[in-house]
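Comments concern the structure below.
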Amino acid sequence: MTKGPKVPELAREMAAEFAGTLILILFGLAVVAQVAAAGIGDHDSISWAWGLAVTLGVYVSARISGGHINPAVTVALAVFKGFPWRKVLPYIAAQMLGAFIAALLVRWNYTEVLHAFDPGLTQKSQAVFSTMPGNGELPVGMWGGFRDQVIGTAILLFLVLALTDLRNSPPLANMTPFIIGLVVVAIGMAWGTNAGYAINPARDFGPRLAQFLTGYGEAWRDQYGDLYFWVPIAGPIIGGIIGAGLYILLIGRMLPAEGPGDGEPRPEYDVD
């Protein structure tokens, strides 16, 4: 049987990042729509669904692309783990597109519910798709949201590196995506107040763009009228670099070059 043309490596990786991020956002946005607009579920529903969404998205894409599904992860791995810089922008583009298409699907499927809940498509339902300081209700401003995103994403990347470092004690039997999902559940339950724990530029920007194109005229601004869209982009990128750097400083460079018990040499981080 004649085989078809071989798909270039980068194209395969971009397809995987697109698909993984698509799955992430399909579940993540849909649960917020269900809770906020339909009144089914609560904060815990949102935290658990987002965590499971991360788990499923990583499982979908990990074998082909590494399962980044988050520009903050991609950039941090390029800075500290040798991920090729030439792939950073293609990965981010695939992640953004996956998030955008997923948001359009959620927006379409929940059209009737959203219009019944918020006929004017105002900031009352904006948090279904994109984040706002204090979730649009609490007295948190732009810089409070920025601080929150830096800290939350730093926690995420610190733990992602801890869970994927073969020289440490990583989860076995392909359980790493599940444990990373639990990390996101924990972040949602503990760090969801000040800025809605985007901790992922694609998770916020792709849906925000879809939101704007489907009737939300104030999608780029927060409840104070300030341009807020850049906060869940810059905050996670900076926080991811800080968190990954702290892991290497405090843990990574202290570990032996061999993985636990296997006797196989592992490359050490270049921290000099």
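Out of ASN135, ASN109, ASN168, report the one residue that is open to solvent by 30 Å² or more (accessible area, probe 1.4 Å), polar (S, T, N, Q) and farther than 25 Å from ASP42 by Cα. So that I can check it myself, show each step before the final result.
Numbers: ASN135 fails: farther than 25 Å from ASP42 by Cα; ASN109 fails: farther than 25 Å from ASP42 by Cα.
One residue alone meets the criteria, ASN168.
Filter region 9-54 for residues that are of a type in the set (A, V, I, L, M, F, W, C) and not in a helix (DSSP H, G or I) and give the result. Talk me through it step by step, then tell me what you get.
Within region 9-54, the first condition is being of a type in the set (A, V, I, L, M, F, W, C), and the residues that meet it are 10-11, 14-16, 18-19, 22-27, 29-33, 35-38, 40, 46, 48-50, 52-54.
If the condition is that a residue be of a type in the set (A, V, I, L, M, F, W, C) and not in a helix (DSSP H, G or I), then ALA37, ALA38, ILE40 are the ones that fit.
Pairs under 7 Å by beta carbon, first residue among the acidic types (Asp, Glu) in region 198-212, partner assigned to a helix (DSSP H, G or I) and buried (at least 24 other Cβ atoms within 10 Å of the Cβ), six or more apart or different chains?
ASP204/PRO232
Quick check on this structure: which one of ALA93, ALA76, ALA103 is of a type outside the set (Phe, Trp, Tyr), modelled with pLDDT of 95 or more, open to solvent by less than 10 Å² (accessible area, probe 1.4 Å) and farther than 20 Å from PRO177 by Cβ?
On the way: ALA93 fails: open to solvent by less than 10 Å² (accessible area, probe 1.4 Å); ALA76 fails: farther than 20 Å from PRO177 by Cβ.
None of the others qualify; the one that does is ALA103.
Pick from GLN126, GLN149: which is within 22 Å of ALA49 (Cα to Cα), touching a Pro at 6+ places or on another chain (Cβ under 9 Å) and buried (at least 19 other Cβ atoms within 10 Å of the Cβ)? Working first, answer last.
Details: GLN126 fails: touching a Pro at 6+ places or on another chain (Cβ under 9 Å).
The match here is GLN149.
If I ask for residues that are within 17 Å of THR153 (Cα to Cα) and either outside any helix (DSSP H, G or I) or open to solvent by 20 Å² or more (accessible area, probe 1.4 Å) (or both), which ones from region 55-73 would you list?
Answer for region 55-73, where residues must be within 17 Å of THR153 (Cα to Cα) and either outside any helix (DSSP H, G or I) or open to solvent by 20 Å² or more (accessible area, probe 1.4 Å) (or both): GLY67, HIS68, ILE69, ASN70.
The values are calculated or read from the model by the stated rules, or taken from the named source; none is laboratory data. Since the model is a prediction, treat every value here as computed from it, not as a measurement. Methodologically, a virtual Cβ is constructed for each residue, glycine included, from the backbone with ideal geometry; neighbour enumeration extends over all protein chains shown. Just so you know, the surface numbers come from the protein's heavy atoms only, side chains and all, with ligands and any DNA or RNA stripped out. Shrake-Rupley method; radii C 1.70, N 1.55, O 1.52, S 1.80 Å.
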